[in-house]
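Engineer: My questions all concern the structure below.
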Amino acid sequence: MTWLQYSFFLCVILKGWWLGFWWLVLIEGRCDASMPPCLNGIMMNVVLLNDNVSPWSMKFVRGAVERAIRHDAKSDQGCVLLGPTCTHATFQMVDLEVGLKLSMPIISAGSFAPSCDYKDNLTRILPPARKISTFFTMFWNFTDNIKPVWSTAILYKKPENTDNCFWLVNSNSKYFSLPLTPLHCIVFIICGTSDDIVDLKNGTIEDDPTVVFILIDLYNDKYYTNKSSIPAMQNVLVLTMPNTRNYTVDLDVGDNVTMNDFMAAYHDAVLLFGQVIRKILKQTVYVFHAGIAGHYELDEYGDRDVNLSVIYTTTDNKYKTLFIFNTAHNCTKIVDNEPSFIWGRRLPSDTRSKGMCLPYSNYPVSMRAFTLCCYNFTRQNKKNRKLRKKWSHIQSDLITPLEYNERSLVSLKIEEDHRKDKSYKIRRGRYDKKIVILKELKHTDGNFNESQRIELNLLLQIDYYNLTKFYGTVKYDHGVFGVFEYGERGSLRYVLNDRISYPEETFMDWEFKISVMYDIAKGMSYLHSSDIQVHGRLKSTNCVVDNRMVVKITDFGCNTILNPSRDLWTAPEHLRRQGISQKGDVYSFAITAQEIVLRKNTFYTEACSHRAEKLSRVQFPGITPHFRPDLNFETADEKELEVYMLIKNCWDEDPERRPDFKKIESSLGKIFSNLHKQANESYMDNLIRRLQMYSRNLEHLVEERTALYKAERDRADFLNFMLLPGPVVRSLKETGIVEPELFEEVTVYFSDIVGFTTLCQYSTPMEVVDMLNDIYKGFDRILDHHDVYKVETIGDAYMVASGLPRRNGNRHAVDISRMALDILEFMGTFQLRHLPGLPVWIRIGIHSGPCAAGVVGIKMPRYCLFGDTVNTASHPFYDALRIHVSQPTINILQRTDCKFEYEKRGETYLKGKGSELTYWLTGETGEDYNLPTPPTAENCQRLQQDLAQMIQECLENRSLGSEVMEKRNTLSVRHRRVGRDRGEQGWEGDTNDDQPEYLHLATIDNFSTFL
């Protein structure tokens, strides 16, 4: 290529839901005359998305393509198209039916979807989705001494996926069914990064040797450059590209990105194109090419074949290659014959036994609880041992549903929260005249084993003031549930978030916070000294508040049934190795206490806000001090400092240095007593003081809620008055009904648009809506200045009445007439947004007489008019841009002091009434109305004949821009000048202009509306 030139074109491609804006960069070179003609003589075309997010964006790829052109400047013939990368764009270029039928070849680093498979002119230099699908089908059937045959898998689809992940995951959906629940199927397929694995495992499976995750992370080289792994990856197999890159992948998409696989692919595509041109005479089917991304081998369909690597994490957290899969021959080769991984000597089978309820990681906890129960049984007689080993469920009919008014929590909040979310369901009922909550016991079918039955019997014996009561279990068709005492005020986390019901400075002061922590410490102290011994899931959401503001601990026990939690309250030693302990409960108490003291989010710290990052920094501490939530030691006074030091000791990194709950209970009891001594008040005085504060806060909230109610009521009334007349609204509010009424004399206005059906035929539905909305909004603004009532609008018909529902003497004819003149003046200057320059003419009719009115219907009630007066006013034989007035209306106007100007129209035939004398209202004496000139009968007839052609011309001229508008304005000015010169002769003479004569009535000097 002897020279380069860059040109930019904006190309918009729309297909279904996909709308993309692409920059077409044309890298030009002179084409040899012996080769097929290129597009406009351009040798290399690049079509890529131009944004700051996509790794294949033109912003990043352009430099790589230019370097490749400078490196390989030997070819001066042939032409090629690089890109697009997205499947939707490529499909429209290569498909035989809907494609652009380009004669040049297309090279894409993407277009992974099956819709782009087997296209003659498409080459994909990154493995497409069908290669990955073939890997899974072949690898699932592959077996050796390390891997068994697999037949099932669960595809995990993230809510948000990159383009390549979307197609890689969805193309595999047809190969795997889901006959088993996640409890039984142990092979999971996910596309993403190791961070997605960490997020997926939070609160679920952690290093379970019976589970295998297959992570599709093709375009990441950290598995080769960074040999160190993390414990969360120990039961993960990573499918990635081979280690053939001559560069380091930069995953951060920003201004300083150096290289990624998509940039390298388009760089090598330029070199591949040059090599193919030089070898084209050899007629080779398989092309071998070496680039910065390694060796390229293309199959017979132009798709790249690679040796995919399957990488695992060793027991000492190192990445090593386990298998290599060759996509050209669809064969699997083992690399590490003696792997050191979490699964032992062999990968597990893909299904669990259906009778298995507990993951392997919970087995030590179950055995520990079982050993404790056996130790207790040796101290009791044989009869008690038999009773403790028996268990029976509560009969389901003994638990009855709650009444509707019993379902809400005790709170003064009125804002939207999770309780109003239909997807958030709290299972509650009534058992033994008490409100209970039902907690689902997952991973069990209700047939408890011996150790589980023993533990459930121990739970039945727990009865303490600061622990919720356990009543038993109940079995339904859809699951097994534990029946627990219900906290009327919700969880402690909910109470802390509710700053309306429990204000910070008045109700929830420092003394109240100490009492809350004291309640938790007393409950945990009792629990640790009981046969249960340990909680394992202590958190602010597992502490509930009853209607007496007493904090009670729930969700304890059932450790042989429920999994230990893994969240922000979990102690660091249990994040590193799953389990539960009393010292771990102390750590959880410290995190909960920090929530109580600061009333902020769980594990609040200014250092970071992401949950996954907090968990990672707690689990894997660095050189810096151990990561913990914030406590305001700098601003704390003496009483607060004592509590802060206690919390700090409770979340110490060394479990042995943490105090037990006996010491915590004793320390908080002393702090609580000292607060009363310093205040010199008794418990009764303190209680009365709190009740007074709560009463004052309640009065303030009542005033605030009353003001909000009044404002909402006023808004509702305003909306009702816009829909119905004021007297009608008041009657509906007071009695619920509106009696129909007969009015002796009212005036009715009726108008419609000339040629509205033809306008709709050449307009989209949205343009019709916008047109009517623009017209009627102008009419509505005019109505505000007159004593009239808008009855309804039906299509292009606009109906207004005066003299009802409030009678106004003879003013109804005057107000309707003045309103009609204002509307006609408004239409003289109105322009359609989508058809500028096209005249919009309306026909107006006014009639006066008796009328009946009333509200019709229950749902969406309407105030409707009935009678011959309405029919006469809506008579269709009116003239455009004129106000047709009947004789009764003229008689009423003559009885008033107003001087209206009108002309006799003559006898008009009215259906059902015969011929009657009618008039044209032309103005009012003393008022200057800028009314449009009404067209002649001939012009009206010509408009109806030529309207369709005029609309088509407007649609064609709309795309011509400002030049057409300027020309049209010039013609209009010229015709007006000619009209003035002709004087009284009018427009009956012939003109040399091709524009219809009646079109000039709609022209205005200011064409800004056309913009």
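The values are calculated or read from the model by the stated rules, or taken from the named source; none is laboratory data. The shown structure was predicted, so the numbers you read here are calculated from the model rather than taken from an experiment. Neighbour counts are summed over all protein chains in view; Cβ atoms, including those assigned to glycine, are modelled from backbone coordinates with ideal geometry. Just so you know, the surface numbers come from the protein's heavy atoms only, side chains and all, with ligands and any DNA or RNA stripped out. Shrake-Rupley method; radii C 1.70, N 1.55, O 1.52, S 1.80 Å.
Engineer: Give me a count of the residues in region 740-763 that are open to solvent by 70 Å² or more (accessible area, probe 1.4 Å), in contact (Cβ under 8 Å) with a residue 12 or more places away in the chain and within 48 Å of the chain's Cα centre (by Cα).
Structural biologist: Looking only at that region, the number is 1.
Engineer: For region 776-784, indicate whether the set of residues that are outside any strand (DSSP E or B), farther than 17 Å from Pro727 by Cα, in contact (Cβ under 8 Å) with a residue 24 or more places away in the chain and out of contact with any strand residue (DSSP E or B) (no Cβ under 9 Å at 6 or more places or on another chain) is non-empty.
Structural biologist: Yes; the residues of region 776-784 include at least one that is outside any strand (DSSP E or B), farther than 17 Å from Pro727 by Cα, in contact (Cβ under 8 Å) with a residue 24 or more places away in the chain and out of contact with any strand residue (DSSP E or B) (no Cβ under 9 Å at 6 or more places or on another chain).
Engineer: Let me ask something else. Does at least one position in region 269-289 carry a residue that is open to solvent by 20 Å² or more (accessible area, probe 1.4 Å), at pLDDT 90 or above and not in a strand (DSSP E or B)?
Structural biologist: No, region 269-289 has no match at all.
Engineer: Does Thr570 meet the test of being within 22 Å of Asp652 (Cβ to Cβ) and modelled with pLDDT of 85 or more?
Structural biologist: yes
Engineer: Just to verify a result, which residue in region 638-673, among those that are more than 45 Å from the chain's Cα centre (by Cα) and without any contact (Cβ under 8 Å) to a residue 12 or more places away in the chain, is surrounded by the most Cβ atoms within 10 Å (Cβ to Cβ)?
Structural biologist: Lys663
Engineer: Further, regarding this structure: In the set Ile462, Ile437, which member is modelled with pLDDT of 85 or more, within 28 Å of Tyr518 (Cβ to Cβ) and within 33 Å of the chain's Cα centre (by Cα)?
Structural biologist: Ile437
Engineer: Would region 910-925 turn up any residue that is modelled with pLDDT under 85 and within 23 Å of Tyr789 (Cβ to Cβ)?
Structural biologist: no
Engineer: Please go through region 222-245 and give me each residue that is touching a Leu at 6+ places or on another chain (Cβ under 9 Å) and either part of a loop (DSSP other than H, G, I, E, B) or more than 24 Å from Lys147 (Cα to Cα) (or both), ordered by number.
Structural biologist: Once the filter is applied, which keeps residues that are touching a Leu at 6+ places or on another chain (Cβ under 9 Å) and either part of a loop (DSSP other than H, G, I, E, B) or more than 24 Å from Lys147 (Cα to Cα) (or both), region 222-245 yields Lys222, Met241, Pro242.
Engineer: Right, something else. With (1) within 20 Å of Tyr694 (Cβ to Cβ); (2) assigned to a loop (DSSP other than H, G, I, E, B); (3) open to solvent by 10 Å² or more (accessible area, probe 1.4 Å); (4) touching a residue at least 12 places away in the same chain (Cβ under 8 Å) as the list, and Ser501 as the residue in question, which single condition is left unmet?
Structural biologist: (3)
Engineer: Taking region 504-554 on its own, how many of its residues are in a loop (DSSP other than H, G, I, E, B), of a type in the set (D, E, K, R) and within 23 Å of Phe603 (Cα to Cα)?
Structural biologist: 5
Residues checked against (1) modelled with pLDDT under 75; (2) in a loop (DSSP other than H, G, I, E, B):
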position	(1), (2)
Val25	yes, no
Ser34	yes, yes
Val47	no, no
Val61	no, no
Ala64	no, no
Lys74	yes, yes
Gln77	yes, yes
Thr85	no, yes
Lys101	yes, yes
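Engineer: Mind counting the residues in region 764-787 that are under 36 Å from the mean Cα position of the chain (by Cα) and open to solvent by 70 Å² or more (accessible area, probe 1.4 Å)?
Structural biologist: Adding up the residues that qualify gives 5.
Engineer: Just checking, how many residues over region 615-637 are open to solvent by less than 50 Å² (accessible area, probe 1.4 Å), in a helix (DSSP H, G or I) and either free of Cβ contacts under 8 Å to residues at least 60 places away in the same chain or aromatic (Phe, Trp, Tyr) (or both)?
Structural biologist: Result for region 615-637: 2.
Engineer: To continue, here is another question. For region 121-151, give me each residue that is touching an Asp or Glu at 6+ places or on another chain (Cβ under 8 Å) and either modelled with pLDDT under 70 or open to solvent by 20 Å² or more (accessible area, probe 1.4 Å) (or both).
Structural biologist: Selection gives Thr123, Arg130, Ser151.
Engineer: Now, a different point. I need the full set of residues from region 917-930 which are of a type in the set (A, V, I, L, M) and surrounded by 17 or more Cβ atoms within 10 Å (Cβ to Cβ), in order please.
Structural biologist: Leu921
Engineer: Can you tell me which of (1) under 35 Å from the mean Cα position of the chain (by Cα); (2) assigned to a loop (DSSP other than H, G, I, E, B) is the one Ile596 doesn't meet?
Structural biologist: Every condition holds for Ile596 apart from (2).
Engineer: Moving on to the next point. Go through Tyr902, Tyr863 for me and flag whichever is in a strand (DSSP E or B) and open to solvent by 60 Å² or more (accessible area, probe 1.4 Å).
Structural biologist: That would be Tyr902, the only listed residue that is in a strand (DSSP E or B) and open to solvent by 60 Å² or more (accessible area, probe 1.4 Å).
Engineer: Just wondering, is there one or more residues in region 473-492 that are in contact with a helix residue (DSSP H, G or I) (Cβ under 6 Å, 6 or more places away or on another chain), open to solvent by less than 10 Å² (accessible area, probe 1.4 Å) and farther than 17 Å from Lys434 by Cβ?
Structural biologist: Within region 473-492, one or more residues are in contact with a helix residue (DSSP H, G or I) (Cβ under 6 Å, 6 or more places away or on another chain), open to solvent by less than 10 Å² (accessible area, probe 1.4 Å) and farther than 17 Å from Lys434 by Cβ.
Engineer: Still on this structure, I have one more. Would you check if there is a residue in region 95-107 being without any contact (Cβ under 8 Å) to a residue 60 or more places away in the chain and within 30 Å of the chain's Cα centre (by Cα)?
Structural biologist: So far as region 95-107 goes, no, none of its residues is without any contact (Cβ under 8 Å) to a residue 60 or more places away in the chain and within 30 Å of the chain's Cα centre (by Cα).
Engineer: Inside region 331-348, can you point out the residues that are open to solvent by less than 60 Å² (accessible area, probe 1.4 Å) and touching a residue at least 60 places away in the same chain (Cβ under 8 Å)?
Structural biologist: Of everything in region 331-348, those that are open to solvent by less than 60 Å² (accessible area, probe 1.4 Å) and touching a residue at least 60 places away in the same chain (Cβ under 8 Å) turn out to be Thr332, Ile334, Pro339, Phe341, Ile342, Trp343, Gly344, Leu347, Pro348.
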